[in-house]
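For reference, the structure is listed below as structure tokens.
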Amino acid sequence: MKRRVEFKNHLREIFHFQLRLVIGIGFVSILLAILLVRFFYLQVARHNYYQTLSESNRIAIVPIVPNRGLILDRNGVVLAQNYSGYTLEINQSKTADIEATINDLSTLVEITNKDRKRFKKLLTESHDFETLMIRNRLSDEEVARFAAQQYRFPGVEIKARLFRDYPFGEKTSHLIGYIGRINDTEVDQLEENDLAANYRGSDYIGKTGLEQSYESDLHGTTGIEQVEVDAGGRAVRMVSRTVPVSGNTLVLSIDAKLQEIAEHSFGDYRGALVAIDPNNGEVLAFVSKPGYDPNPFIDGIDTQSWDELNNSPDVPLNNRALRGQYPPGSTIKPFMALAGLNFHTRKPEQPISDSGVYYLPGSSRQYRDWRVGGHGSVNMFKAIQVSCDTYFYGLATELGIDNISNYLSRFGFGKKTGIDLEGETSGLLPSQEWKMKRYQQIWYPGDTVSVGIGQGYSLVTPLQLAFATATLANNGVAYKPHLVKEVQSTRSSEHRFIARDPLYDLNISPKDLDLVRRAMVAVTQPGGTAVYASMGASYQIAGKTGTAQVVAMKQGEKYDANKIDERHRDHAWFIAYAPAEHPKIALAVLAENGGHGGGTAAPIARKVMDYYLLGKVPKPLTDSEVKEAAEHD
Amino acid sequence: MTRRQFWLSFIAHLDRQLLLGISLLLLTSLVVLYSADNASWNRPLNQMRNILVAFTCMWVIANLPLHYLMRTAVPIYVSGMVLLIGVALFGDISHGARRWLNLGVTTIQPSELMKIGVPLMMAWYFEKHEATLTLKNYFVAALLLLLPVVLIARQPDLGTALLITASGFYVLFLAGLSWRVIGGLFVAALAAAPVLWSMMHDYQRHRIMMLFDPSQDALGNGYHTIQATIAVGSGGILGKGYLNGTQTHLDFLPERTTDFIFAVYSEEFGLIGNLILLAMYSFVVWRGFIITSHASTYFTRLMAGSITLTFATYAFVNMGMVSGILPVVGVPLPLISYGGTSMLTLLLGFGMLMSIETHKKLVKS
């Protein structure tokens, strides 16, 4: 009985299935009918119309790529430009054996191993129908030699193109960035933003730096040329032409000479320097050492050179000024002092007695001052001047982490400055909530002590520190830092200025400001930690040194630079502005593994200020001078 | 065994009629490719290599007994899912989207695997629960479909996601999903359309608007559609003749060896050629339906039906796109367009059809 039910079910199921299948066949028949109707409509009913269109379809639309905008420094010195030259290009789909073709070509024009490697890389990244460059910057002689033999190479042609050139090479690499071939992700982005039509014919797009962040200004508007083509597809007559509009010119606030001097002043040190005009936020110099030569990146760098850059322990591709995050060390102290004054935590004249060690109430853990034995009786002025750690351990504890992070964030710590470059990091301004979120731990009093001298969890970028210094130099009125001063339209005489209005005013009490600013001047005077910075200067410099620990010291261990591996030595910081009364320049210098700020970072800052304020070009330092300088701090 | 017997057993599992239909289409592919590639042997030769590889795979699958086929369902689906998740997490971004997974030795595109894997898994699932099918089972099967589809749509690869949705829907439909649910889904889709429209990117809306008036964007996206339609229409009844398509040879047609190859064919062979091509496709699809109706188990019926219907859908979507009645989505013309991956997937599907047809007697007994 049961078997029969199953059998019956089976039959019914088959019947149902066959019914569905018939419906499926009906569905496919409808699709078929739709296509038949459409074909009949296009190919019979409307044939004459399309026939005419096809015959008149001898008009090819050719995009004309606009010239990319120039990048100039504040004095008109060219930082990125275009030049025209010849390239040798291979059309993949028209070339049967690419390897053999390249070998043949190398008998006519010079094709180096690097060219081959780069071409191979391009090949793997491109679509089959694309035309790829094998050589650029052909000499006239090479052009002539190839032209005579061109018939042998069906898919190979010579093209006149505009090239991008960065005359300052690695000195402006982290600032200007570079352009490169448009990749598929960028194609999709362009499509999404409805820009694909304007990039028809364009091969390059800004990849990093200002080339990337001002891409929409620099690219320009593509022109269109309608040409009549003959049966072979060759252009015979131009029908109409919309001229392309060149990209806008960027005029930077950067001073190229200053940038060069700053670069050079680092010598062999790695590090970063950001100099800002505190009165308007214009960035005057923006250095990240070491840099890299951006020129090979434009047409695709070969794998070997890329690996060398990418795997170098000096990480030249890392933009330290924008993205490098370091403990601020003692450079945080002037800002801590302002916090103390703001919350009336300590009276400025109220002295503490520094024996060289600080203990939290009821704890035996030692927090040592950098100076063994301490500085004796120290008030706020002296604490900044001699960079007394003990004073700030206590101040931080009395302020509490909530007040500290509240106040420091007003100077932009822990936040992006919003400079006109992409990829900025925000540093780290620790707080109770942050620690809970990050480590699921409560905030300990000991954490606050380290924050007081810019160690512990605190991290800043050189750009952030320069911004904070500029804000301090400008009496608490902050301007957003920006590298581009104005954008000049090529179409009209229109200029667009970037960020001319202040961001905000911190409304710091003039009395508080006066104390901290005087103390920062004292830092560069005899008795301060950066005497060398203002030795023989005809103007007053206000500054603050700092050292950022790379490797944490154990309790009771003593720091000895000579015993430590070079890359584990402390980083040297120096922040400064000058002239102290009416500052025209504010800066932050970081010298990686440079030891103490007064010795290595301050001299770099001095040279930059000397040039900017006095037009003095520095002579190279002698070894004994460097050594002498390093003994202070 | 005589030599003759050996050869007979060698081809015993290849369905003759299906083989004939496929071979005719593949031959057409080579002929059109030669023209589309500007009378060069470059792509036709590559395509021959693709065909050879795919044919071998088809032969292997055709010779696999059905229970092996069934046993592959879960491993293929699960590994496909793992790979899709892998792609979402660690995939290489290439050709604009995260579709490829770099396995060190080779890169693979798991969404391609799922074109077979999804219907296979669903058919397997229905077979397992054949005796006691309730609405819940359809729901689970739909989930098996939606999981990979969502992952693929996010890559983003909307074309493949839609096609896999279609192939999975065919399984649900053939498995007897009630008309009420189908009607409900249809109404829901209609209701969701305005919402979807408001969620779309501007460029996606652009592509749909273009269908109604391609001329409004002649430099950008409308270009493909306009040029392809001109190619088809100017072909007329008899076509312009082999190697004489002006649209093709004056470089007006974009992607003419891959997605737009039908425009090349249509321009050179005209309405007559189109009718012949449709006849060849119909023959293959018809044979697929016959095999489906013969199929001996629930699993094979669902599988065969889904493969056949999906194949027909592919052909329709591509020809509809080229002749301007569907938006431009990246779907190749099955068995004709240049490319190794889709060739392999298609012939794997046909291998299954052949296995289903030639192994059925064994199962019945």
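The values are calculated or read from the model by the stated rules, or taken from the named source; none is laboratory data. Keep in mind that this is a model prediction, so the values were computed, not measured. Counting neighbours? That spans all protein chains shown, and the Cβs are built from the backbone with ideal geometry, glycine included.
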- prompt: Only one of B:LEU185, B:LEU151, B:LEU162, B:LEU174 is at pLDDT below 90 and either within 14 Å of another protein chain (Cβ to nearest Cβ) or within 18 Å of the chain's Cα centre (by Cα) (or both); which?
  reply: B:LEU162
query: Take the residues of region A:180-208 that are assigned to a helix (DSSP H, G or I) and either within 23 Å of A:TYR166 (Cβ to Cβ) or more than 7 Å from chain B (Cβ to nearest Cβ) (or both): which is nearest to the chain's Cα centre (by Cα)?
result: A:GLU186
task: Provide a single number: the residues in region B:123-139 that are under 16 Å from B:LEU185 (Cβ atoms) and either buried (at least 16 other Cβ atoms within 10 Å of the Cβ) or modelled with pLDDT of 90 or more (or both).
output: 2
- request: Restricting attention to region B:156-200, report how many residues are more than 24 Å from A:LEU19 (Cα to Cα) and touching a Leu at 6+ places or on another chain (Cβ under 7 Å).
  value: 0
statement: Just one listed residue, out of A:LEU79, A:LEU35, is more than 9 Å from chain B (Cβ to nearest Cβ), crowded, with 17+ Cβ neighbours inside 10 Å, at pLDDT 90 or above and touching a helix residue (DSSP H, G or I) at 6+ places or on another chain (Cβ under 7 Å), and it is A:LEU79
message: Suppose we keep only residues that are touching a helix residue (DSSP H, G or I) at 6+ places or on another chain (Cβ under 8 Å) and part of a helix (DSSP H, G or I) within region A:166-179. Which one would you say is modelled with the lowest pLDDT?
response: A:GLY169
- prompt: Quick one: in region A:38-53, which of the residues that are aliphatic (A, V, I, L, M) and at the interface with another protein chain (Cβ under 7 Å from one of its Cβ atoms) is surrounded by the fewest Cβ atoms within 10 Å (Cβ to Cβ)?
  reply: A:VAL44
- line: Those residues of region B:221-274 that are part of a helix (DSSP H, G or I), more than 8 Å from chain A (Cβ to nearest Cβ) and closer than 17 Å to B:ALA315 by Cβ come to a total of 8
field: Identity of the residue in region A:520-534, over 17 Å from A:HIS582 (Cβ atoms) and under 34 Å from the mean Cα position of the chain (by Cα), that ends up surrounded by the fewest Cβ atoms within 10 Å (Cβ to Cβ)
entry: A:VAL531
- prompt: With region A:292-382 as the region, which helices (runs of 4 or more DSSP H) entirely inside it contain at least 2 residues that are among the polar types (S, T, N, Q) and at pLDDT below 90?
  reply: A:303-311
message: Condition first: surrounded by fewer than 24 Cβ atoms within 10 Å (Cβ to Cβ), without any contact (Cβ under 8 Å) to a residue 60 or more places away in the chain, part of a loop (DSSP other than H, G, I, E, B) and in contact with a strand residue (DSSP E or B) (Cβ under 6 Å, 6 or more places away or on another chain). Can you find one or more residues in region A:388-405 that meet it?
response: no
statement: Pairs returned, first residue in region A:363-374 that is among the β-branched types (Val, Ile, Thr), second residue that is modelled with pLDDT of 85 or more, beta-carbon separation under 8 angstrom, 6 or more apart or interchain, are A:VAL372/A:GLY356
message: I'd like the residue in region B:291-316 that is more than 10 Å from chain A (Cβ to nearest Cβ) and assigned to a helix (DSSP H, G or I) and, out of all such residues, is modelled with the lowest pLDDT.
response: B:HIS294
Residues satisfying the stated conditions in region B:317-343, i.e. assigned to a helix (DSSP H, G or I) and surrounded by 21 or more Cβ atoms within 10 Å (Cβ to Cβ): B:VAL317, B:ASN318, B:MET319, B:MET321, B:VAL322, B:SER342, B:MET343
field: A:ALA552 at pLDDT below 85, surrounded by 16 or more Cβ atoms within 10 Å (Cβ to Cβ) and of a type outside the set (Asp, Glu)
entry: no
field: Hey, A:GLY223 within 14 Å of another protein chain (Cβ to nearest Cβ) and touching a strand residue (DSSP E or B) at 6+ places or on another chain (Cβ under 8 Å) or not
entry: yes
task: Determine whether region A:115-128 contains at least one residue that is of a type outside the set (Val, Ile, Thr), assigned to a loop (DSSP other than H, G, I, E, B) and under 19 Å from A:ILE301 (Cα atoms).
output: yes
- prompt: For A:SER450, are the conditions met, namely being over 22 Å from A:GLU424 (Cβ atoms) and of a type in the set (Ser, Thr, Tyr)?
  reply: yes
